Amino acid sequence: MDIKSLTIAQRLRLFLDNLGIEQQELANTISISKQVVSNAINGKTKYPKSDFLIQLLDGYPNINLYWLLTGEGEMFTTADNSNFSTENEVLKSENTELRNELIKSQNRIIELLDKFSEK
């Protein structure tokens, strides 16, 4: 089988088959709806969006995205991308903390403006 002649959808199906997982497990692992995964695998989405690819790489750090998109190279990379997942979790946590601080600050400003307008 010539991998290069396969579509992205077919290579994605090959990836799932190689791991022995179903669409729902992929969707759960990368936090994307099963419908988005189904569309990608069934070829309804010709080119996956960058969010999908980023989450795919986050959930499966050893997938070779170049292989997925072009059919060239190996399905899996040999590089250790495990740090990306850890760094991503740290950034998500920091983002949540910053968001919460922003909300607190906004609420405090509203509170002060309300007090100022009462005077």
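What follows draws every value from the coordinates through simple rules; no lab data is involved. Note that the coordinates shown come from a computational prediction; the quantities given were computed from them, not determined experimentally.
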Notebook entry, point to check: Does region 13-68 come out rounded, prolate or oblate, given a ≥ b ≥ c as the square roots of the eigenvalues of its C-alpha gyration tensor, rounded meaning a/c under 1.5 and, failing that, prolate meaning a/b above b/c?
Noted result: rounded
Notebook entry, point to check: Tell me, what ³J(HN,Hα) does each residue in region 57-74 have, in order and in whole Hz, if you take phi through Karplus 6.51 cos²θ - 1.76 cosθ + 1.60 with θ = phi - 60° and put x for Gly and Pro?
Noted result: 5, 5, x, 10, x, 9, 6, 8, 5, 4, 4, 4, 7, 10, x, 9, x, 9
Checklist line | 222 nm mean residue ellipticity, helices alone, for the chain (DSSP H n ≥ 4; -39,500 (n - 2.57); rounded to 500) | finding: -22000 deg cm²/dmol
Check: So which lysines can K44 reach, going by Cα to Cα under 25 Å and dropping same-chain residues fewer than 8 places off?
Finding: K4, K34
Next item on the list: List the residues whose amide H sits under 5 Å from the amide H of F76, counting only those 5 or more places along or on another chain, with H placed 1.01 Å from N in the peptide plane.
Entry: N64
Notebook entry, point to check: How large is ³J(HN,Hα), in whole Hz, for each residue of region 42-56 in order, when computed from phi with the Karplus curve 6.51 cos²θ - 1.76 cosθ + 1.60 and θ = phi - 60°, using x for Gly and Pro?
Noted result: 8, x, 5, 9, 5, 10, x, 6, 4, 4, 4, 5, 5, 5, 4
Next item on the list: In whole Hz, with x marking every Gly and Pro, tabulate ³J(HN,Hα) for region 13-29 from phi via Karplus 6.51 cos²θ - 1.76 cosθ + 1.60, θ = phi - 60°.
Entry: 4, 4, 4, 4, 4, 4, 7, x, 10, 9, 4, 4, 5, 4, 4, 5, 5
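With contacts defined as alpha carbon pairs under 8 Å and 6 or more residues apart, what's the relative contact order of region 1-79 in percent?
Values: 73 pairs, mean separation 26.4, N = 79.
It comes to 33 percent, rounded to a whole number.
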Next item on the list: Would you mind computing Rg(Cα) / (2.2 N^0.38 Å) for region 1-96, counting N as its residues?
Entry: 1.08
Next item on the list: Using Cα positions and a limit of under 24 Å, work out the lysines in reach of K104, with same-chain residues fewer than 8 apart set aside.
Entry: K92, K115, K119
